[in-house]
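The values are calculated or read from the model by the stated rules, or taken from the named source; none is laboratory data. If you're wondering where the values come from, they're calculated on a predicted model, not measured in any experiment. Positions of Cβ are generated from backbone atoms using ideal geometry, with glycine treated the same way; all protein chains shown enter the neighbour counts. Just so you know, the surface numbers come from the protein's heavy atoms only, side chains and all, with ligands and any DNA or RNA stripped out. Shrake-Rupley method; radii C 1.70, N 1.55, O 1.52, S 1.80 Å.
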Amino acid sequence: MDDIYLDNNATTMVDPEVVEAMLPYFTEQFGNPSSIHSFGSQVGHALKKARRQVQQLLGAEHDSEIIFTSCGTESDSTAILSALKALPDRREIVTSVVEHPAVLSLCEHLEKTEGIKVHTLKVDAKGRIDMAAYEKLLHERADKIAIVSVMWANNETGTIFPIEQMAEMAYVAGVMFHTDAVQAVGKIPMDLKSLKIDMLSVSGHKLHAPKGIGVLYLKRGTRFRPLLRGGHQERGRRAGTENAASIVALGKACEMAQANLEHENTVVKAMRDRLQEGILSQVSHAFVTGDPEHRLPNTLNIAFEYIEGEAILLLLNKAGIAASSGSACTSGSLEPSHVMRAMGIPYTAAHGSIRFSLSRYNTMDEVDRVIAAVPPIMAQLRKMSPYWGEKGPVENPEQAFAPTYA
Ligand code: PLP
């Protein structure tokens, strides 16, 4: 039986049609799009088409708002660094505690090396952002804030932030707004022309395009300073000869994502919901993390109490199921992820948090196989758990065994 891939928030399979679309750009269509001759101009036309395909998926007003980059991380960095350079008198950033390291590490670095003040918005137990604190910050410090950078949807829990509203609030306060939409693009509908988002990051490999291609959406009229200077590619906003094959691939992937948006929000969502129900109805002491009401249709994060996430992953892998864990092995100690910690998930549950992220390539049959495989794995691991006794969890497991958060 084939293995089951439920780790699509980590990366996705490149769609065979996407591969087919990009292949000619490695062989006969090898020209440099900046060249005048027909070798070049043919590739130039292909890039223009791809730009339009991305524009349409994002609902952007114009294709010139699409800047191709090398990845989501580059798009995030470009957005934040551009704002700081364009507005040198503003030395503060607003972000959230659950951002991807692409944003959080950069902010920490800027804080340490440049003295930039970073305001990190907290989330509640369901991963919902503290809107009152956000409003207060905008009210009190608007003229000091260079940029707000908050993710559209969280990669671990799928929780969707009220980005439309947050962008509007920033606009009213006169503050630039960026969103890391790496996990949201292609999963939920977007219409950027009607929103006050100035910049937005996309990553190709999360939507069935290859790794190493991304987009920075830059709303017309937004002040901008390039990260890479050199040639005049991307209208001088991102120098470097274009990664033509991957750009064509991303265009095709966006076209396909748009065609599949409804499928994602009906069929994929139904598979996710069945998986959730199937697991929770059979495994005790397990709960969904994040905001079940406002959540990406493909994402399910379950905290299995009193079990170790890495052990779950290993046994799932042995059963031919690929998922991922909220804990990461850092310097020999297993720490729950910053997202689980930010929501205040108890240590004994955060450790056993598992993310199942689906795609349109999964089937109900696969979901049923996972539903059948998970309960015996949890029972086996709980038997070995120091937190689990004959009749269930031991008393006060937190105090008995778990270290407190640093
Ligand atoms: N932002 C989020 C929310 C992500 O999930 C990821 C990738 O996991 C990134 C940014 C980084 O994207 P890339 O791998 O294209 O640099």
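Peptides 281-289, 378-386, ordered by how many other C-beta atoms sit within 10 Å of their residues on average, highest first, read 281-289, 378-386. With both labels modelled 7 Å from their Cα along Cα-to-Cβ, the Glu135 to Met13 distance reads 4.7 nm. Our coupling estimate for segment 169-180, obtained by passing each phi through the Karplus curve with A = 6.51, B = -1.76, C = 1.60 and θ = phi - 60°, is 5, 5, 4, 4, 7, x, 10, 5, 10, 10, 10, 7 Hz, Gly and Pro reported as x. Amide H contacts for Ile4 (H built 1.01 Å from N in the peptide plane; partners 5 or more residues away or on another chain; cut-off under 5 Å): Ile321, Ala322. Per-residue ellipticity at 222 nm computed for the chain from its helices equals -11500 deg cm²/dmol, with DSSP H segments shorter than 4 residues left out and the rest contributing -39,500 (n - 2.57). Looking at segment 1-109, which GluC sites (Glu not before Pro) are in a loop (DSSP not H, G, I, E or B) and have at most 11 other Cβ atoms within 10 Å? Those that pass, being in a loop and sparsely packed, are Glu28.
For the chain, the ratio of Cα radius of gyration to the globular rule of thumb 2.2 N^0.38 Å stands at 1.03.
Heavy-atom accessible surface of the chain, averaged per residue, reaches 43 Å², computed with a 1.4 Å probe. For segment 157-282, the share of DSSP beta bridges that are antiparallel, to the nearest 5, is 55%.
The lysines within cross-link reach of Lys383, meaning a Cα-to-Cα straight distance under 17 Å and a gap of 8 or more places when in the same chain, are Lys391.
Under a Gaussian network description of the chain, with springs only between Cα atoms under 10 Å, the residue in Asp365, Asp198, Asp143 that fluctuates furthest is Asp365. Of the candidates Thr348, Thr73, Thr27, which one comes out as most mobile in a Gaussian network treatment of the chain with C-alpha springs shorter than 10 Å? Highest fluctuation among the options: Thr27. Only lysine pairs 8 or more places apart, or on different chains, with alpha-carbon atoms under 15 angstrom apart are counted in segment 157-266, and they number 5. For Asp2 and His62, the difference between the fully extended length at 0.36 nm per residue and the C-alpha to C-alpha distance is 17.3 nm. Relative to the current alpha-carbon distance between Glu28 and Glu293, full extension at 0.36 nm per residue lengthens the span by 90.5 nm.
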